[in-house]
Amino acid sequence: AGLIRLLMQHNPSGEMFEGLDLNNPRRVEKAAIRCISTEKSYSQLRAEFLALPEPLTDYDKEVWLVSRPTEELKDRNRKRVDRMLQEGLIEEVRGLIDMGFEHNPSACGAIGYREVLEFLNGNISEQNLAEQIYVHTNQLMRKQRTWFRKQIPIHREVPGS
């Protein structure tokens, strides 16, 4: 709410923030910083961005999606999570805490780190730690796959090896 108020202070009254996810504090903060540093409103900055020429228009472009079956990705994810924990993820996070890691919301909110923080704070049992990381990674994977399919025109899909 405070970031949105700050952003509104640097924009004409009643301006809509089209294209900006007001529920995403990082994006609101970045928009506010851009408005303040350029002394332009959000709508001015957005209009300037949308007016930029499309890059590489002189070239034919194709997007190839390298894909794997969902079950294979989930299996790879589970093995990766187990390997991260075996190779010292908990100890890594303890060391990062000593360096002030918890004051960086982006870093300590990252999948894997945030679950270990929850574990170290006593909110997740050691038995549930790997499962929480696994589930959250699968959720992100599903969101990313959906985003790519909806946002980027795919010309060819090829199986990953």
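The values are calculated or read from the model by the stated rules, or taken from the named source; none is laboratory data. None of these values were measured; they are calculated from a predicted model. Here the Cβ is made from the backbone with ideal geometry for all residues, glycine too, and neighbour counts use every protein chain on show. These accessible areas exclude ligands, DNA and RNA; they are computed on the full protein's heavy atoms, side chains included. Shrake-Rupley method; radii C 1.70, N 1.55, O 1.52, S 1.80 Å.
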Quiz item: Hey, any idea what % of the stretch 13-161's accessible area is carbon plus sulfur with a 1.4 Å probe?
Solution: 51 percent
Quiz item: In a GNM of the chain with a 10 Å cut-off on Cα contacts, which of Val63, Val93, Val81 has the highest mean-square fluctuation?
Solution: Val63
Exercise. Quick one: dipole size for the stretch 55-161, taken about the Cα centre, charges +1 on Lys/Arg Cβ and -1 on Asp/Glu Cβ, in debye to the nearest 20.
Key: 520 debye
Exercise. Would you give the gap between the C-alpha center of the stretch 120-157 and the C-alpha center of the stretch 19-38, rounded to a whole Å?
Key: 25 Å
Quiz prompt | Label point 7 Å beyond Cα of Met141 along Cβ direction - residues of the stretch 114-128 with amide nitrogen under 11 Å | solution = none
Exercise. Search the structure for amide H atoms under 5 Å from the amide H of Ser67, placed 1.01 Å from N in the peptide plane, and list their residues when 5 or more places away or on another chain.
Key: Val158, Gly160
Exercise. Calculate, for the stretch 1-149, the solvent-accessible area per residue in square angstrom, rolling a 1.4 angstrom probe over the heavy atoms of the protein chains.
Key: 73 Å²
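Mind running the shape call on the stretch 44-138? Use the C-alpha gyration tensor, a ≥ b ≥ c as the square roots of the eigenvalues: rounded below 1.5 for a/c, prolate if a/b tops b/c, oblate otherwise.
The shape class here is oblate.
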Quiz item: Can you list, largest first and rounded to whole Å, the semi-axes you get for the chain by taking the square root of 5 times each eigenvalue of its Cα gyration tensor?
Solution: 35, 28, 13
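For a quick check of your reading of the filter: which chymotrypsin sites (Phe, Trp or Tyr not before Pro) in the stretch 1-100 sit in a DSSP loop and have no more than 12 other Cβ atoms within 10 Å? Write down the numbers at each step before the final one.
On the way: sites: Phe17, Tyr42, Phe49, Tyr59, Trp64; in loops: Phe17, Tyr59.
Here the sparse-neighbourhood loop sites are Tyr59.
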Exercise. Name the lysines eligible as straight-distance cross-link partners of Lys30: C-alpha to C-alpha under 20 Å, and not fewer than 8 places from it in the same chain.
Key: Lys40
